[in-house]
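One structure below.
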4 protein chains.
Amino acid sequence: MASSFGERVKITVFGQSHSAAIGAVIDGLPAGETLDIQAISDFMARRAPGRNPGDTARREPDIPRILSGLVNDTTCGAPLCAVIENTDTRSQDYDALRDIPRPGHADFPISVKHGGYADKRGGGHTSGRLTAPLCFAGAICAQILEKRGIEICAIATKTGDIETAKAVGDSVGGIVECTATGLPVGLGEPMFGGVENRLAAALFGIPAVRGVEFGAGFAAADMQGSQNNDAYFVQNGEIRTRTNHHGGVLGGLTTGMPLVVRVAIKPTPSISRQQESVDLVARESVELRIGGRHDACIVPRAVPVVEAVVACVLLDLMEIER
Amino acid sequence: MASSFGERVKITVFGQSHSAAIGAVIDGLPAGETLDIQAISDFMARRAPGRNPGDTARREPDIPRILSGLVNDTTCGAPLCAVIENTDTRSQDYDALRDIPRPGHADFPISVKHGGYADKRGGGHTSGRLTAPLCFAGAICAQILEKRGIEICAIATKTGDIETAKAVGDSVGGIVECTATGLPVGLGEPMFGGVENRLAAALFGIPAVRGVEFGAGFAAADMQGSQNNDAYFVQNGEIRTRTNHHGGVLGGLTTGMPLVVRVAIKPTPSISRQQESVDLVARESVELRIGGRHDACIVPRAVPVVEAVVACVLLDLMEIER
Amino acid sequence: MASSFGERVKITVFGQSHSAAIGAVIDGLPAGETLDIQAISDFMARRAPGRNPGDTARREPDIPRILSGLVNDTTCGAPLCAVIENTDTRSQDYDALRDIPRPGHADFPISVKHGGYADKRGGGHTSGRLTAPLCFAGAICAQILEKRGIEICAIATKTGDIETAKAVGDSVGGIVECTATGLPVGLGEPMFGGVENRLAAALFGIPAVRGVEFGAGFAAADMQGSQNNDAYFVQNGEIRTRTNHHGGVLGGLTTGMPLVVRVAIKPTPSISRQQESVDLVARESVELRIGGRHDACIVPRAVPVVEAVVACVLLDLMEIER
Amino acid sequence: MASSFGERVKITVFGQSHSAAIGAVIDGLPAGETLDIQAISDFMARRAPGRNPGDTARREPDIPRILSGLVNDTTCGAPLCAVIENTDTRSQDYDALRDIPRPGHADFPISVKHGGYADKRGGGHTSGRLTAPLCFAGAICAQILEKRGIEICAIATKTGDIETAKAVGDSVGGIVECTATGLPVGLGEPMFGGVENRLAAALFGIPAVRGVEFGAGFAAADMQGSQNNDAYFVQNGEIRTRTNHHGGVLGGLTTGMPLVVRVAIKPTPSISRQQESVDLVARESVELRIGGRHDACIVPRAVPVVEAVVACVLLDLMEIER
């Protein structure tokens, strides 16, 4: 479905940028896991705007209220629902955009799809704001994985020149690379249920992701088999590979080497520079200037989001095959 | 599940490289579609080995026998099952590989996963041979889409130097780009049910795919918003974009512009050059030389496979929202 | 998953009897449906306790707060989430029951399943209280169906002698029959995706349901084919049947005759009479007297719940095949 | 989907009564299970016609050819596909029925649904013939369960007077009760993923099933809580219940007591007595006499089918929670 992913640990995200609240339901968490609530907040704070020079000026305390699924901070086997109130919304910023789709956003196709009924204020349900509940869910999954020796860490390996872009009302993109260590060998399923299939399907749910690759990824297209193949050897009785071009996953299954996935983040489509658009009603060209508060670069804020989604997918796989 | 994809039009693939037969079940095809059986064979022939200089010497007539789902070559609403017999198998080629995982193949993790019971002959269920039933399914879906004005076409945009690699017992990879035209605006769902999520999940089911990107893809990481955003304009009353960096899909939804998806294909892992591996039982290093018949480059044969998978996913989406 | 049902219109229910709140997420509602909020409350009031002589003394205002999915009371295509606060909880009533499973409840298997971490206060996630968000979801689905000419109506066709049972601290069960009219012919899918399969799977999610039958149901076991078969005839150009032993559904597909489904409701397991149970820790027999506030008969309150679940399943089917 | 059920062990059934062949794909079987092929045949023979006085005269050897998923009769983790050729088909028997729906069959709604393209010969995809591959799948699942100490056994607890019905060209129905012993405590999930939900959804996929109940089932509607509640006691350190009105399942979860599920089978709708029907094209009443070869009572043949479906669902649940 549109707003859910996962098979045994299933995350459902709800809310629009300017609805009363946003949130997530996590079904299938193993019972008996005591959560560190402060650590969840800390994780979410990494995504909150205001920490990086290119961030939006929108300020949200983003304190999730957990409604269910916990007894004394411990999972009880029932679905965990958390709600985050939307407080700092300025819907009037979007009034002018009702019939004028912003280039690079989903405004145009969503208008056609929902026949004018879509909530386009602030990007509606497709807003980057929905990554807040994703981070909430991911923080929980990451905690549980960590107790099992699985660590997930993402970094931005490429970011455009933020301050320059900001100065001219433009934006830049980048690349986020996420690594997961401590995974058992053989996690995942062949063909369509593999680690790559599930991760890619979930990662493309993060707004602005335009590409997903594993290990050498697109660079493998330029390599020879003798280079790209990772030689096996035995180290302390464990089978390992000398290189990790395969990024820890072969044919859908983990190999025990670090899982390496990389996502391409496009430059934020909301820019203050003048753009060419159309009036959907009048069917004529218009010049567009987008007001509101925007990120000049969401790559830094996307880093914890990628970690979060990877954590959700990996915990799901661990629970499928526990 | 491991061997299925799709929601309303669901493809299930079965068989191993050296089992009695391989095949596919397609459930959810619309009733009343008269199929051009010759065109299916022609489509499958594009994938069959022996047409390109880097192809394996394995020869399979690959004539699918349709067991169900058709009456007078017309879909009747019941699942369509087709079976392709495996005839030219040489399992003895693989006896030596039982306990020695081939670098770059799923042999090692699948051995751990299935505790030695996996059918590793010829790659078993993860063999590229399973792309034959995928092409069968895709040929049918593409036919049905074509009648609705949707055309799918893939090409290899990059291929390594095949003849040189072949001469030294090595292999090369490449990139396949697939375009779909004629799609309606608004196909797909936001967040996790979008065109990108579904296509990526299915495309990573093709052996050797290491990356999937849409439109500008990873190149978008180097662009500014003002470059990457595609300006809207009106042409003959239709909303179009002047450029197509978004590859025809924004936020999970089609925009009416050509859908552009690109997949990275790694060099075939089966090479005849000597490689370093391990004996899984003795837990010691061994030198490995792989016999058998292999492709020096599967990129040309992957082209119709990518088309096939894209066709399956797009017909599924069309049926979901018909 | 445990707490979700539906394919295109997917209902996810969350909360425990004594958690901070309970609620539902409805994903896949068609956009552009203006909801009558008062009618939702009226529907939910039919389920609220205090209207029938056998109801529990627990009082909950049960006013759902809609967090997302609506703009000006109109669906916008994004998931609709509603939250109902739990206010009148008395967890101390359940302290004595921690290690003593109540006969007829899921206490025992859920203790084993979740290793003591289950929230058993008030029945936790398996409490009848979770039928409140089900009614919320069903009220919305029923409204949308009604606009399409589909009416759903359930009645209690059998109820035990409530006042007598109440007097002796006992409880009674009954049967709820639900009818849906106005359905198109051919809704549903053969084999495992039929109207019966989907309705039964969802209806067994209502606590205390022990049987589901369609049309003549179990009585058909005593009939002859010539009796049970419903003769076709033409009425005003429409194909109809003279009798309706098939309950409006044949082989998974609707026939255009009224859909008739019947569910058996067992007597409420919570009774105040002394019962024989065991101490799960001490592994010894104990006599159990359950305090707290209970329904002597939940059949009247189950009537709208059955309607609600039927509405959810039928709207889902309508959206699948729209 | 229409023709699949199961989450981790997924059964897909294909074929029509008069297609070239029918069969099943079983995905998700645990690897390393050595199958007793003769026992599968023996199981399927219990369903084959010709053993009971009310059976159809159609004769099919029904020898499944296993195409994939096994190496030396041992599951290898890849999907297992088996094909059964259709040999004794007499499609001409059905020519007269093309536009005249048989009362009690799905002919009418399936004609509307598939716009005349449905394969109605012999009942097409909704024919009882499709229970042959179900029995094949169930025989395998039952074998695997048996090794884990889980035994499944069904019996006909009620059957109409077959010989009398046969003499007058009529048919009778009955009730099949299935018991499963040896199940662990806590199998299943609360609400919509429970044992009851999954079993009911699958069992309604068997043609002619009109009702499904667990334990006391519909009889519970006439009981008081003090009667229907099953008292707990300790026997040899195990928690058991003195009675089994709950049929081994409470709130979706197994209790360790024998699982008891009962299905109502309607009288075979194909009878040779004259019936009232309509001509769908001319839209006028016609008298119908059905030729062909039919069962006067399918209850005896349904017994192994019910066992098979229960086995498939229980193995699926065991694999989900292994």
Heavy-atom accessible area order for A:74, D:179, largest first, 1.4 Å probe: D:179, A:74
Largest first, please: the extent of the C-alpha atoms of the stretch C:234-277 along each principal axis, to the nearest Å. 61, 18, 11
Suppose the Debye formula is applied to equal point scatterers at every Cα of the protein assembly as shown; what is log10 I(q)/I(0) at q = 0.06, 0.07 Å⁻¹? -0.50, -0.69
Rounded to the nearest Å, what's the spacing between the alpha carbon centres of the stretch A:1-65 and the stretch C:200-253? Just the number, please. 46
Can you list the aspartates and glutamates whose alpha carbon is less than 13 Å from that of residue A:166, not counting same-chain residues fewer than 8 positions off? A:55, A:295
Expressed as a whole-number percentage, the relative contact order of the stretch C:43-82 with C-alpha contacts under 8 angstrom and at least six residues apart is 28
Quick calc, the protein assembly as shown, dipole around Cα centre from Cβ unit charges on Lys, Arg (+) and Asp, Glu (-), nearest 20 debye, gives 0
Under 5 Å between amide hydrogens, which residues at least 5 positions from residue A:250 or on another chain qualify, with H placed 1.01 Å from N in the peptide plane? A:255
Please tell me which of these pairs span more than 25 angstrom C-alpha to C-alpha: A:113/D:10; B:10/C:10; A:147/A:266; C:147/D:113? A:113/D:10; A:147/A:266
Size of charge dipole - the stretch A:166-229 - debye, nearest 20, with Cβ of Lys, Arg +1 and Asp, Glu -1, no other charges: 160
Amide H within-cut-off set for residue A:230, under 5 Å, with H built and near neighbours excluded: B:104
Per-residue SASA entry for residue D:318, accessible area with 1.4 Å probe, Å² rounded to 10: 30
The stretch D:70-195 - charge dipole about Cα centre, Lys and Arg +1 at Cβ, Asp and Glu -1, debye rounded to 20: 220
Kindly write out, for the stretch D:200-217 in residue order, the coupling ³J(HN,Hα) from the Karplus curve 6.51 cos²θ - 1.76 cosθ + 1.60 (θ = phi - 60°), rounded to whole Hz, with x marking Gly and Pro. 4, 4, 7, 5, 5, x, 7, x, 5, 6, 10, x, 9, 9, 10, x, 5, x
Here the correct list, in nm and shortest first, of distances from residue D:50 to the same site in the other copies, label points 7 Å along Cα→Cβ, is 4.2, 6.9, 8.0
Solvent exposure, largest accessible area first (probe 1.4 Å, DNA, RNA and ligands not counted), of A:56, D:34: D:34, A:56
Taking H placed 1.01 Å from N in the peptide plane, check which residues at least 5 places from residue C:127 or on another chain put their amide H under 5 Å from its amide H. C:17
Karplus (6.51, -1.76, 1.60) ³J(HN,Hα), θ = phi - 60°, over the stretch D:129-140, in Hz, Gly and Pro reported as x: 4, 5, 6, 5, x, 4, 5, 4, 5, x, 4, 5
Report ³J(HN,Hα) in whole Hz for each residue of the stretch D:5-22, in order, from the Karplus equation J = 6.51 cos²θ - 1.76 cosθ + 1.60 where θ = phi - 60°; Gly and Pro get x. 8, x, 10, 9, 9, 10, 9, 10, 10, 9, x, 10, 3, 10, 6, 4, 7, 10
In a GNM of chain C with a 10 Å cut-off on Cα contacts, which of C:246, C:114, C:105 has the highest mean-square fluctuation? C:114
Largest to smallest accessible area among A:129, B:121 [probe 1.4 Å]: B:121, A:129
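The values are calculated or read from the model by the stated rules, or taken from the named source; none is laboratory data. What you see is a predicted model; the values in this text were computed from it and never measured. As a convention, Cβ positions derive from the backbone with ideal geometry for all residues, glycine included, and neighbour counts pool all protein chains shown. For the accessible areas, the whole protein counts, side chains as well, though only heavy atoms, and no ligand, DNA or RNA atoms are used. Shrake-Rupley method; radii C 1.70, N 1.55, O 1.52, S 1.80 Å.
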